[in-house]
1. Quick one: would you say G194 is in contact (Cβ under 8 Å) with a residue 60 or more places away in the chain and either surrounded by fewer than 16 Cβ atoms within 10 Å (Cβ to Cβ) or touching a strand residue (DSSP E or B) at 6+ places or on another chain (Cβ under 8 Å) (or both)?
2. Within segment 137-164, can you find the residues that are surrounded by 12 or more Cβ atoms within 10 Å (Cβ to Cβ) and either assigned to a loop (DSSP other than H, G, I, E, B) or touching a Phe, Trp or Tyr at 6+ places or on another chain (Cβ under 7 Å) (or both)?
3. Go through R201, R180, R176, R215 for me and flag whichever is among the basic types (K, R), assigned to a strand (DSSP E or B) and out of contact with any Lys or Arg (no Cβ under 9 Å at 6 or more places or on another chain).
Amino acid sequence: MRGPAGRIVLAAVCAAFGILLMVQIRTQGKIVSTKQAETTADQAQIVSNLYDANVALRSEVENLTAQIEKQRDEYGAARAAELASDLAKLRTMNGTVAIAGPGIELEIAADIRVEDVQDLINEFRNAGAEVLALNGDRIGGRTFVASDRGRLVVNGRLVVAPYRFAAIGAPETLDRALTRKGGLLSYLQNTYPGGRLMLTRVEALQIPAVAETPRFAFAHAAPSN
C-alpha cells in the first residue's frame, strides 16, 4: 500500500474514521444535552410537586387547626351548659331557689302528731316528690321536725292545722302512692275520723326557696383526686 492506490485507500479510511468520530461526538453531545434538558425538566417538576404538596399540607394544617378550635369552643360551651345544669340541680336540692312544676296538694284539717308529719314527709319522698313544702315553707335536706309541748315545730317555727302539703312530681304517681289501700292516708283517716283530708292534683305549683340559706362555717369541698 505504498503506492498511490494505497495512499488513496488510507486517506479514505481516515476520512471515514473522522466522519464516524464526528458523528459519534455530535450524537453524544445531543444525548448529554437531552439528558440535561430532561434532568432540568424533571427537577422543575419535582420542585413544582413539592411546592404543591407543601401548599396542600399547609392548607390541611390550617383546616385541622380550625376544627380543633371549633371543637374546643363547642366543648367549652357544652361544659359550661353542663356546669350550669349541675348548679341548678344543686340549688334545687339545697332549696335555695324557688321551683315550679306539676304535682299534688294535700290538706289535712286535723291535729295530727309530729310522727305523722314525719311519716308524711317520708311518704312523699318515697313516692317520687322532687320538691316539698308544708304550709308555704320549703322542706329541704336540713329541715327538722320537732314537738314543742305537743305542738308541731318545723325548722324552729310553729306550724298549726290545717296542714297543707305541696309536692312537685308526677301527679298521677304521687296520687296513686298516697291513696293506695292500706297506705298512710288510709291510716290517718282511720286515726282521725273527725278530721278532713283532701288531695288535689295540680298542673302548676309554686314552691318558694328555703327561708334561710344554709351556711357552713367549717365544712368545705374536698379536693378531687
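1. Numbers: in contact (Cβ under 8 Å) with a residue 60 or more places away in the chain: yes; either surrounded by fewer than 16 Cβ atoms within 10 Å (Cβ to Cβ) or touching a strand residue (DSSP E or B) at 6+ places or on another chain (Cβ under 8 Å) (or both): yes.
Here the answer is yes, as G194 does meet what is asked.
2. As a first pass, look at segment 137-164 and keep what is surrounded by 12 or more Cβ atoms within 10 Å (Cβ to Cβ): 137-140, 143, 145-147, 151-155, 159, 161-164.
Answer for segment 137-164, where residues must be surrounded by 12 or more Cβ atoms within 10 Å (Cβ to Cβ) and either assigned to a loop (DSSP other than H, G, I, E, B) or touching a Phe, Trp or Tyr at 6+ places or on another chain (Cβ under 7 Å) (or both): G140, T143, N155, A161, P162.
3. Working: R180 fails: assigned to a strand (DSSP E or B); R176 fails: assigned to a strand (DSSP E or B); R215 fails: assigned to a strand (DSSP E or B).
Step by step, each of R201, R180, R176, R215 is checked, and only R201 is among the basic types (K, R), assigned to a strand (DSSP E or B) and out of contact with any Lys or Arg (no Cβ under 9 Å at 6 or more places or on another chain).
Quick note: the coordinates plus some simple rules give every number you see, no bench work behind them. Here the structure is a predicted model, which means the values were calculated and not measured. Positions of Cβ are backbone-derived with ideal geometry, glycine not excepted, and every protein chain shown enters the neighbour counts.
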